[in-house]
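Below: one structure, written as structure tokens.
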Amino acid sequence: MQANQNDLSVGDSGLRILVVEDNGNLKDMLCDMLELLGHAPTGVINAEDALALTQQNVFDVLLTDVSLPGMSGIELAKQLVEKQPGVHIVFASGYGAQMVQHLKFKSHVLPKPYDVEQIQQLLAEVSSLRVR
């Protein structure tokens with residue numbers, strides 16, 4: 001498990017983002033990109049490590065793959081929303097939005113493959129919804 005820091009404070013426009021991606025290279029690349037965009041990402045490769053991090057840290061955004069080994073990204077999101085109701089959920093999925101339409105909480109879908117512009121646009125939207 002890789003946790004960047006315990007105090008996840010960032011600038012006014014930056015978001016504390018928990019990235020859950022089982023492809024280690026993709027996780028690292030995504031975290032690097034989010035950091036360059038001014039956010040504070042923390043990346044892990046499975047839902048269990050993500051839940052452990054949420055015991056000590058509050059996140060603005062959960063950006064998770066839907067298909068993870070063990071617990072799915074959907075189940076992770078359900079549990080995190082119960083613990084941190086203010087968290088924004090972003091599912092990265094090649095399956096499309098229909099996979100998460102039944103959920104009882106608001107979420108966003110980032111279709112795979114995605115690019116920097118799509119991530120920036122989505123995070124700008126999430127940032128504008130964030131209560132300061």
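What ranking of SER128, SER93 emerges when the number of other C-beta atoms within 10 Å of each C-beta is taken as an exposure proxy, fewest first? If you can, show how the numbers build up before the last one.
On the way: SER128 7, SER93 21.
The fewest-first ordering by Cβ neighbours comes to SER128, SER93.
At R0 = 22 Å, how high is the FRET efficiency between LYS106 and MET71 if r is their beta carbon distance? Nearest 0.05 is fine.
On the way: r = 21 Å, r/R0 = 0.94.
Between LYS106 and MET71 the formula returns 0.60.
When ranked by the protection proxy of mean other Cβ atoms within 10 Å per residue, highest first, what sequence do the peptides 23-36, 59-72 form? Don't jump to the answer; show the numbers that get you there.
Details: 23-36: 14.9, 59-72: 19.8.
Packing order, densest peptide first, comes out as 59-72, 23-36.
By counting other Cβ atoms within 10 Å of each Cβ, how are GLU82, GLU48 ranked from fewest to most?
Numbers: GLU82 9, GLU48 15.
Neighbour counts put them in this order, fewest first: GLU82, GLU48.
How much length is gained on full extension from ASP115 to VAL58, taking 0.36 nm per residue of separation minus their Cα-Cα distance? Before the final figure, lay out each step's value.
Numbers: separation 57, 0.36 × 57 = 20.52 nm, distance 2.62 nm.
Going from the current span to full extension adds 17.9 nm.
Whole-Hz ³J(HN,Hα) for each residue in the range 63-78, computed from phi via Karplus 6.51 cos²θ - 1.76 cosθ + 1.60 with θ = phi - 60°, x for glycine and proline: what do you get?
10, 10, 5, 6, 8, 10, x, x, 5, 6, x, 5, 5, 4, 4, 4
Values in this text are rule-based calculations from the coordinates and carry no lab data. Since the model is a prediction, treat every value here as computed from it, not as a measurement. Cβ coordinates were reconstructed from backbone atoms using ideal geometry, including for glycine residues, and neighbour counts include every protein chain displayed.
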